[in-house]
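Working notes for the structure below.
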Amino acid sequence: MVSASAFDVSAEGSRCLFAQDALLPSGWASQVLFQWDEYGQLTLVQTHAAPGDAPHAKGPVLPGMPNLHSHAFQRAMAGLTEYGQAAQDNFWSWRDLMYRFAAAITPDQLEAIATALYIEMLEAGFTSVCEFHYLHHDQEGRPYADDRELSLRLLRAAQKSGIGFTLLPVLYQTSDFGDRAPRSDQRRFIRRTDNILALLEALKPACDSQYARLGLAPHSLRAVPPDALQQALSGLTSLDLSAPIHLHIAEQIAEVEACVRWSGKRPLQWLLDHHAVNERWCLVHATHIDGQECQQAAASGAVVGLCPTTEANLGDGIFDVRSWRAFGGRWGIGSDSHIAVNAAEELLMLEYGQRLTAQKRNLLISPYASSVATSMTLEAVAGGAQASGRRVAGLAVGQQADWVILDADHPALEGLPNAESMLSAHIFASSRQSAIAEVWVAGQPRVQQGRHSDSMIARFEFQAARSQLMDMPRS
């Protein structure tokens, strides 16, 4: 069997791949021939095909997984907050530590951290990422000479790694509900509404030039007053009618209680009552919503962005995925604070959280898939693609040629009877040992034999950046 990576995919006539087994949006298919154009878009997905001269995939081919929620700089602090520093550690005490870390990062350090992270994501099965970017200004809270400075660093990191990219600059104005003034340790985040819209307009050519999508992330209802939120959404729509909108909501019980005191309503209910929430929206976390909110939000067509490893690490709680799915709700996964960077582990943690709550097994199964792993993968890809605003919704004509090839010879997979059992083993039985052989983005191989070509140098630069940050005095 010849590996696809042995071929020059940039040469005319060689943009094809044959897979003995591939996971299409309709389910598993056999003897699948893929072809794509010079822009990396699939032009043929033919089942029961003859391979002809096409290179053969080394194992089952999966659709590339979108990562719908990332704060790249937080990867450098992963594992450094697992100490008892408060009488009762929770999300809010963690946030104070995160703010101190964010206060010190330089542009060079951000680019190094993000580049290494995006390479790590590719090696872990994520083929695109939505970057929820709220670190805007210098350490004193002043704009850089080029107001786009840190956004451009993230765009450069995505380009160097080869990952698909959706950039979501964050609007952040207040420290809590009721227009409470921002804290001093939030100074690098704060922007006026007209200022964030000017930033979006200035960033659009840079995003377009590398086929990145540009959207907006109003940080949360507690961080963006109602008038500012309305103005920002109107300005975004004027710039791009279909631009994605991402928003943290109902992550913490304290946030829900504060919103009720401020408005008399729970945060998601307030949002649904005041804005035309639709398919453009990604509701990040939405951990603590009630039944009425769940039904209304699911009917809106919005995607819920679930980040199970971060939500577990921060003690957020467990989102009721089963109720959300029962109302037809769409969802995707992200790695958020990057305490873990592993698409399979996010899916595993999501299913296990539901099992611990219900004391039952195999809960995220669906009528169109015989295994939990297949069901979750297809739903997470579809939801992640919608949230990213990009054509990455799976292995179908018109979508981008993003895929993951499993290593059929990996110890966790070797000897299993079929591709579906290999996917199940990859998610539930690989013990954090990646069973990924190759990862392709837009028809180009980015990971081969489990490694990105720039992983070593990126890791070195990441370690240097983290060491510099660890050596800096904390106020």
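The values are calculated or read from the model by the stated rules, or taken from the named source; none is laboratory data. These numbers come from a predicted model, not from an experiment. A quick note on method: Cβ atoms are made from the backbone with ideal geometry, for glycine too, and the neighbour counts reach across all protein chains shown.
Scanning for something part of a helix (DSSP H, G or I) and either surrounded by 22 or more Cβ atoms within 10 Å (Cβ to Cβ) or out of contact with any Cys (no Cβ under 9 Å at 6 or more places or on another chain) (or both), does the range 328-341 turn up at least one residue? Spell out how you get there, then give the answer.
The first filter runs over the range 328-341 and keeps only residues part of a helix (DSSP H, G or I), leaving none.
The answer is no; no qualifying residue exists.
Residues in the range 271-292 that are outside any strand (DSSP E or B), without any contact (Cβ under 8 Å) to a residue 40 or more places away in the chain and either in contact with a strand residue (DSSP E or B) (Cβ under 6 Å, 6 or more places away or on another chain) or among the charged types (D, E, K, R) (or both): how many?
Counting residues in the range 271-292 that are outside any strand (DSSP E or B), without any contact (Cβ under 8 Å) to a residue 40 or more places away in the chain and either in contact with a strand residue (DSSP E or B) (Cβ under 6 Å, 6 or more places away or on another chain) or among the charged types (D, E, K, R) (or both) gives 3.
Find the residue count for the range 307-365, including only residues that are among the charged types (D, E, K, R), within 19 Å of the chain's Cα centre (by Cα) and more than 21 Å from Gln296 (Cβ to Cβ).
Summing the residues that are among the charged types (D, E, K, R), within 19 Å of the chain's Cα centre (by Cα) and more than 21 Å from Gln296 (Cβ to Cβ) in the range 307-365 gives 6.
Take Ser434 and tell me if it is in contact with an Asp or Glu (Cβ under 9 Å, 6 or more places away or on another chain), outside the structural domain of Tyr118 (by TED's automatic domain parsing) and at pLDDT below 95.
Yes.
Being touching a Gly at 6+ places or on another chain (Cβ under 8 Å) and part of a loop (DSSP other than H, G, I, E, B) is the filter; apply it to the range 342-376 and report the residue that is nearest to Gly125 (Cα to Cα).
Our first condition is that a residue be touching a Gly at 6+ places or on another chain (Cβ under 8 Å); within the range 342-376, this holds for 342-344, 346, 368-369, 374.
Filter once more, keeping what is part of a loop (DSSP other than H, G, I, E, B): 342, 368.
On the way: Asn342: 7, Tyr368: 23 Å.
Residue satisfying both the conditions and the ranking: Asn342.
Per-residue answers, yes or no, for (1) of a type in the set (Gly, Ala, Ser); (2) assigned by TED's automatic domain parsing to the domain that holds Ile405; (3) under 29 Å from Leu347 (Cβ atoms):
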{"residue": "Leu97", "(1), (2), (3)": "no, no, yes"}
{"residue": "Arg100", "(1), (2), (3)": "no, no, no"}
{"residue": "Ile105", "(1), (2), (3)": "no, no, no"}
{"residue": "Ile113", "(1), (2), (3)": "no, no, yes"}
{"residue": "Leu117", "(1), (2), (3)": "no, no, yes"}
{"residue": "Leu122", "(1), (2), (3)": "no, no, yes"}
{"residue": "Cys130", "(1), (2), (3)": "no, no, yes"}
{"residue": "Asp146", "(1), (2), (3)": "no, no, no"}
{"residue": "Ser151", "(1), (2), (3)": "yes, no, no"}
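Checking Asp185 against (1) under 27 Å from Arg261 (Cα atoms); (2) assigned to a helix (DSSP H, G or I); (3) at pLDDT 95 or above, which single condition isn't satisfied?
The one condition Asp185 does not meet is (3).
Report yes if Thr127 is under 25 Å from Leu283 (Cα atoms), at pLDDT 95 or above and either under 14 Å from the mean Cα position of the chain (by Cα) or buried (at least 22 other Cβ atoms within 10 Å of the Cβ) (or both), otherwise no.
yes
Filter the range 1-30 for residues that are more than 22 Å from Gln449 (Cα to Cα) and either more than 28 Å from the chain's Cα centre (by Cα) or assigned by TED's automatic domain parsing to the domain that holds Thr127 (or both); which is modelled with the lowest pLDDT?
Glu12
Suppose we keep only residues that are at pLDDT 95 or above, polar (S, T, N, Q) and surrounded by fewer than 18 Cβ atoms within 10 Å (Cβ to Cβ) within the range 354-379. Which one would you say is nearest to Pro308 (Cα to Cα)?
It comes out as Thr357.
Give the range 214-249 a look and list any residue that's in a strand (DSSP E or B) and closer than 15 Å to Trp281 by Cβ, or say none.
Within the range 214-249, Leu216, Ala217, Pro218, Ile245, His246, Leu247, His248, Ile249 qualify.
Can you find, within the range 182-212, the residue that is nearest to Leu168 (Cα to Cα) among those that are touching an Asp or Glu at 6+ places or on another chain (Cβ under 9 Å) and charged (D, E, K, R)?
Lys204
Could you list, in sequence order, the residues of the range 31-52 that are modelled with pLDDT of 95 or more and loosely packed, with under 15 Cβ neighbours inside 10 Å?
Listed by number, the residues that qualify are Asp37, Glu38, Tyr39, Thr43, Leu44, Gln46, Thr47, His48, Ala50.
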